[in-house]
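Working notes, beginning with the structure itself.
The values are calculated or read from the model by the stated rules, or taken from the named source; none is laboratory data. Everything quoted here is computed from the prediction, not taken from an experiment. As a convention, Cβ positions derive from the backbone with ideal geometry for all residues, glycine included, and neighbour counts pool all protein chains shown.
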Amino acid sequence: MKIFHRFIPLAVAATLFGGCASITKDSNQPVQVETYSKSNQLVSGAKCVAKNERGEWSTTSTGTVNVHRSGQNLIVKCDKEGELSGLATVISRANGGMFGNILFGGGIGAIIDHNKGTAYSYPDWIRVILGDNLVFDRKNNKDNEVMLGQSASPEELKKIDLAKAEEEKAAQEKALTEDKLVKAKAENTNP
């Protein structure tokens, strides 16, 4: 019976705070895609396909594609007959729900949201340039503003991915540490 009482505060905390991003963020996210030529002219009617490890979605530009959130990058390829293809690597980043989980819910909620993808977001509006291969990093995203991509070499993409992986690893380690502290505190307060 004594052991049972020790786990009640943990169960309540996990129920109340676990999965903050799951509660505040949907597992899907709309991403508006517009296409332009290299001469900065709007190109309508390009077929755009967005992919990550959770699926593939398509739209016609200018349009919105509803993608499944993920910690993995989103690859968007836009094609229109008579035009060159445009390619976009859309970098996801941990959103506020992930850090809320770490601060208030501990590691369990953060790990759940990481696995479900709800802990991450992509830029919400990108401009693909036909004939270019651009990178769109969510850390530079401004709400309700189109994001202009940047050219990036494969080496620069690797650096971005390594930095993102280090940020995520540090966040997960912090979440696990917080979770261990909550458990230790619960054990010490319940004799």
Could you go through the range 111-129 and let me know if any residue there is buried (at least 19 other Cβ atoms within 10 Å of the Cβ), within 15 Å of G71 (Cβ to Cβ), at pLDDT 75 or above and acidic (D, E). no
Give the range 173-191 a look and list any residue that's surrounded by 12 or more Cβ atoms within 10 Å (Cβ to Cβ) and of a type in the set (S, T, N, Q), or say none. T177, N190
So E166 fits all but one of (1) in contact (Cβ under 8 Å) with a residue 12 or more places away in the chain; (2) within 30 Å of V33 (Cα to Cα); what number is the exception? (1)
Members of the range 50-80 that are within 14 Å of the chain's Cα centre (by Cα), among the charged types (D, E, K, R) and at pLDDT 95 or above: K51
Do you know which residues across the range 146-161 are of a type in the set (D, E, K, R) and either under 16 Å from Q72 (Cα atoms) or at pLDDT below 80 (or both)? K158, K159, D161
Residue count, the range 182-191 (criterion: touching a residue at least 12 places away in the same chain (Cβ under 8 Å) and in a helix (DSSP H, G or I)): 5
Taking the range 151-172 only, how many residues are more than 18 Å from the chain's Cα centre (by Cα) and either surrounded by fewer than 12 Cβ atoms within 10 Å (Cβ to Cβ) or in a helix (DSSP H, G or I) (or both)? 5
Looking at the range 125-145 only, could you name the residues that are closer than 17 Å to D79 by Cα and not in a strand (DSSP E or B)? L130, G131, D132
Among the strands (runs of 3 or more DSSP E) lying completely within the range 29-99, list those that include at least 2 residues that are surrounded by fewer than 20 Cβ atoms within 10 Å (Cβ to Cβ) and touching a residue at least 40 places away in the same chain (Cβ under 8 Å). 86-91
